[in-house]
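The values are calculated or read from the model by the stated rules, or taken from the named source; none is laboratory data. Just so it is clear, the structure is predicted and the values come from calculations on it, not from any experiment. FYI the Cβ positions are ideal-geometry reconstructions off the backbone, even for glycines, and counts take in every protein chain you see. The accessibility values were calculated without ligands, DNA or RNA, using every heavy atom of the protein model including side chains. Shrake-Rupley method; radii C 1.70, N 1.55, O 1.52, S 1.80 Å.
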Amino acid sequence: RPGDYKYLDANGDGVLNASDRVVLGNAFPRLIYGLTNTLTFRGLELSVLIQGSQGVDVLNGTRRFNSAQNSAQNQLAEVGEGRWMSPTQPGTGYSRPWSGVGVNNNNVNMNSRWIEDGSFLRLRTISLGYQLPGNLSQRLALRNLRVYGAVQNAFMLTNYRGYNPEVSFSADAVLNPGVDYGTYPIPRTFTFGLTADF
């Protein structure tokens with residue numbers, strides 16, 4: 001119907017069915033990398049851990065659920081602004097609105113619209129510590145005194161529109177990588193501490 005997503009007749013037989021299914025992307029990264037280093041200078045110590053992956057595809061099932069317009073659930077705000085309304089109001093890429101129970105809506109079918117690039121670079125950990133000089137520690141009746149602060153998951157660079165491109169279908173489904181159905185984001189954690197030896 002007008003306003004529906006258009007599907008590829010992959011085998012060219014003029015009929016759209018399960019025989020036209022094709023592989024869309026790969027959930028296994030082509031490259032997984034990491035870098036860790038510790039720099040010290042006059043009692044200061046800076047440690048960083050960077051990690052990332054390249055060449056991985058993610059099925060953003062959360063966006064599919066929240067923008068397919070196939071039932072009476074909340075949708076993303078951009079769906080209301082960008083959905084197809086008529087030939088003179090084609091919108092900005094979303095299909096026509098769902099028209100009710102019992103009406104066939106093929107716009108919810110799995111398609112390339114929901115596959116996203118899951119490549120990312122994340123600053124996993126950064127910590128900064130300071131070791132007081134020995135003479136200052138001794139004045140405080142201590143053998144050693146160190147103060148430090150750390151941030152885990154400080155930032156991430158990615159084009160993926162979900163919370164976290166490192167996903168599996170669920171926590172216990174390690175055999176289903178690259179499928180995001182509402183995966184919880186990794187929290188950013190701040191830690192401050194003091195280490196003292198008496």
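Miscellaneous remarks
- Reported count of residues in the range 64-79, each being free of Cβ contacts under 8 Å to residues at least 12 places away in the same chain and either open to solvent by 70 Å² or more (accessible area, probe 1.4 Å) or touching a Pro at 6+ places or on another chain (Cβ under 9 Å) (or both), is 3.
- Taken over the range 121-167, residues that are at pLDDT 80 or above, assigned to a loop (DSSP other than H, G, I, E, B) and closer than 20 Å to residue 193 by Cα amount to 2.
- Flag if residue 116 is in a strand (DSSP E or B), in contact with a Gly (Cβ under 7 Å, 6 or more places away or on another chain) and modelled with pLDDT of 85 or more: no
- Residue within the range 19-26 that is under 30 Å from residue 125 (Cβ atoms), out of contact with any helix residue (DSSP H, G or I) (no Cβ under 9 Å at 6 or more places or on another chain) and open to solvent by 50 Å² or more (accessible area, probe 1.4 Å) present: yes
- Of the residues making up the range 168-197, those that are part of a loop (DSSP other than H, G, I, E, B), modelled with pLDDT of 80 or more and surrounded by fewer than 14 Cβ atoms within 10 Å (Cβ to Cβ) are 182, 184, 185, 187, 188.
- Scope the range 1-24; condition touching a residue at least 60 places away in the same chain (Cβ under 8 Å) and over 23 Å from residue 87 (Cα atoms); matching residues: 24
- Look at the range 132-158: where a residue is touching a residue at least 40 places away in the same chain (Cβ under 8 Å) and within 30 Å of residue 184 (Cβ to Cβ) and a partner is aromatic (Phe, Trp, Tyr) and exposed (fewer than 13 other Cβ atoms within 10 Å of the Cβ), sitting 6+ places away or on another chain with Cβ atoms under 6 Å, you get 149/192; 151/190.
- Restricting the range 152-163 to residues that are open to solvent by 30 Å² or more (accessible area, probe 1.4 Å) and out of contact with any helix residue (DSSP H, G or I) (no Cβ under 7 Å at 6 or more places or on another chain), the residue that is nearest to residue 47 (Cα to Cα): 152
- Residues being exposed (fewer than 15 other Cβ atoms within 10 Å of the Cβ), modelled with pLDDT of 95 or more and β-branched (Val, Ile, Thr) - total across the range 39-63: 0
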